[in-house]
Amino acid sequence: MDIPYTVEARPDTGLYNAKVGIWLFLASEVMLFGALFSAYILLRVGATGDLWPHGWLNIPIGTFNTLVLITSSITTVMAWASLKMNQFGRFKFFHACTILLSLAFVCVKSYEYHDKFTHYEIHLTDGRIADGHLVKSTPEQVIIHGRFVEDRKELFDLRAQGASHTHEEITLPRAQIKTMENYGPWHHTYLAVYFTLTGLHALHVIGGALVIGFLWGPGSKLWRQDPDRFTNRVEISGLFWHFVDLVWIFLFPVLYLL
């Protein structure tokens with residue numbers, strides 16, 4: 001039995017079935033990310049101004065990742081357009097570019113995560129605070145590349161400080177360490193929001209890349225049997241990929257710039 005409306009449009013919606021399904025799915029995704037963005041706004045508005053982080057994320061790296069994702073959306077469109085022009089070889093090229101760009105995005109995001117998990121705020125028994133990236137840890141001492149501050153508020157607005165603070169290698173005896181915590185999601189509400197939103201987004205990137213990889217690889221056999229249906233599948237994967245790109249367009253300014 002043939003499945004109806006896989007290529008031709010339904011008379012009631014004017015769209016083929018898969019496109020109706022992806023738009024309904026994307027509507028649920030909008031509600032999911034909309035709820036998370038709303039939670040962020042409420043947390044941000046209710047936070048004390050001088051205790052909300054600024055400058056904790058690397059803007060140049062975030063900008064680079066934004067360009068990577070935007071470029072991947074362009075290559076996705078080019079892959080679909082190539083199929084519409086019956087150029088299967090160009091489709092393979094552009095879809096391969098999309099897969100490589102998605103991997104680049106995830107690798108850069110992994111680097112950012114690693115930076116946070118190796119960044120520590122260390123409170124000492126003499127009241128000082130050491131803040132920096134872990135260099136070495138032994139049972140006797142901890143070595144970081146960072147700085148000392150007297151007041152924890154000095155750690156929050158890094159943009160206002162600019163390059164005024166210098167970092168150096170600091171050796172801290174274990175006996176002098178009162179508490180030691182890295183910049184994971186448990187460290188601050190801002191980081192909890194950051195890891196939740198970007199982590200969920202990264203899962204969408206990985207999921208979309210897997211689908212695109214399937215269509216580039218074994219799934220491309222459908223092109224020889226039913227090129228129109230295969231082209232529609234590529235279009236559907238492209239709509240999801242554009243949504244992922246759009247979410248990041250909102251995430252970047254909200255988390256990195258504001």
> Between residues in the stretch 65-84 that are touching a residue at least 12 places away in the same chain (Cβ under 8 Å) and farther than 18 Å from Ser220 by Cβ and residues that are among the aromatic types (Phe, Trp, Tyr) and surrounded by 17 or more Cβ atoms within 10 Å (Cβ to Cβ), which pairs lie under 6 Å by C-beta distance while being six or more apart or on different chains?
Replying inline: Asn65/Phe105; Thr66/Phe252; Val68/Phe105; Leu69/Phe105; Leu69/Trp248
> Can you tell me how many residues in the stretch 169-213 are in a helix (DSSP H, G or I) and either in the same structural domain as Phe156 (by TED's automatic domain parsing) or closer than 27 Å to His54 by Cα (or both)?
Replying inline: 20
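Could you run through the stretch 102-121 and say how many residues are among the acidic types (Asp, Glu) and either within 18 Å of Val247 (Cβ to Cβ) or in contact with a Cys (Cβ under 8 Å, 6 or more places away or on another chain) (or both)?
1
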> Does at least one position in the stretch 67-82 carry a residue that is touching an Asp or Glu at 6+ places or on another chain (Cβ under 8 Å), in the same structural domain as Gln225 (by TED's automatic domain parsing) and aromatic (Phe, Trp, Tyr)?
Replying inline: yes
> Residue check: is Gly184 in contact (Cβ under 8 Å) with a residue 12 or more places away in the chain, under 20 Å from the mean Cα position of the chain (by Cα), under 24 Å from Ala39 (Cβ atoms) and surrounded by fewer than 15 Cβ atoms within 10 Å (Cβ to Cβ)?
Replying inline: yes
> Inside the stretch 79-108, can you point out the residues that are buried (at least 20 other Cβ atoms within 10 Å of the Cβ) and within 11 Å of the chain's Cα centre (by Cα)?
Replying inline: Ser102, Phe105
> Looking at (1) in contact with a helix residue (DSSP H, G or I) (Cβ under 6 Å, 6 or more places away or on another chain); (2) at pLDDT 95 or above, can you tell me which one Thr125 breaks?
Replying inline: (2)
>> Please go through (1) farther than 18 Å from Trp223 by Cβ; (2) at pLDDT 95 or above; (3) in a helix (DSSP H, G or I) for Tyr120 and return the number of the only condition it doesn't satisfy.
In response: (3)
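The values are calculated or read from the model by the stated rules, or taken from the named source; none is laboratory data. Everything quoted here is computed from the prediction, not taken from an experiment. Cβ coordinates were reconstructed from backbone atoms using ideal geometry, including for glycine residues, and neighbour counts include every protein chain displayed.
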